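A short write-up of the structure that comes next.
Where a number appears in this text, it was derived from the coordinates with a stated rule and is not lab data. All values derive from a computational prediction rather than experimental measurement. Cβ: placed from backbone, ideal geometry, glycine included. Neighbour counts: every protein chain shown.
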Amino acid sequence: MFKLWSKVDFQNIGSLSDIEGFREEFLRHHGFGMKGVDYERDVDV
């Protein structure tokens, strides 16, 4: 697994990893990217 890290760069990260899946999970874990949420809506803070 760690041998791949030495080969990863900005050009091939999409083909060597699941960067989109990681990004989606990261955002969801931090409360973003949730379906049904209007992130443009004004909120009273």
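Each pair of Cα atoms in the chain enters the Kirkwood radius, and Stokes-Einstein at 4 °C and 1.567 mPa s then converts it into a translational diffusion coefficient of 99 µm²/s. Between helix 19-29 and the chain there is an angle of about 30 degrees, using the helix long axis and the longest principal axis of the Cα atoms. Taking every DSSP helix (H) stretch of at least 4 residues in the chain, weighting each as -39,500 (n - 2.57) and dividing the sum by the residue count yields a mean residue ellipticity at 222 nm of -10000 deg cm²/dmol.
Projecting label points 7 angstrom from Cα along Cα→Cβ for Ile13 and Lys35 puts them 2.6 nm apart.
Among the GluC sites (Glu not before Pro) in the chain, which ones are in a DSSP loop with at most 14 other Cβ atoms within 10 Å of the Cβ? Mind listing them? If you can, show how the numbers build up before the last one.
On the way: sites: Glu20, Glu24, Glu25, Glu40; in loops: Glu40.
Qualifying residues, ordered by number: Glu40.
When you filter the chymotrypsin sites (Phe, Trp or Tyr not before Pro) in the chain for DSSP loop state and at most 15 other Cβ atoms inside 10 Å of their Cβ, you are left with Phe10, Phe32, Tyr39. Applying a DSSP loop filter and a limit of 10 other Cβ atoms within 10 Å to the trypsin sites (Lys or Arg not before Pro) in the chain leaves Lys7, Lys35, Arg41.
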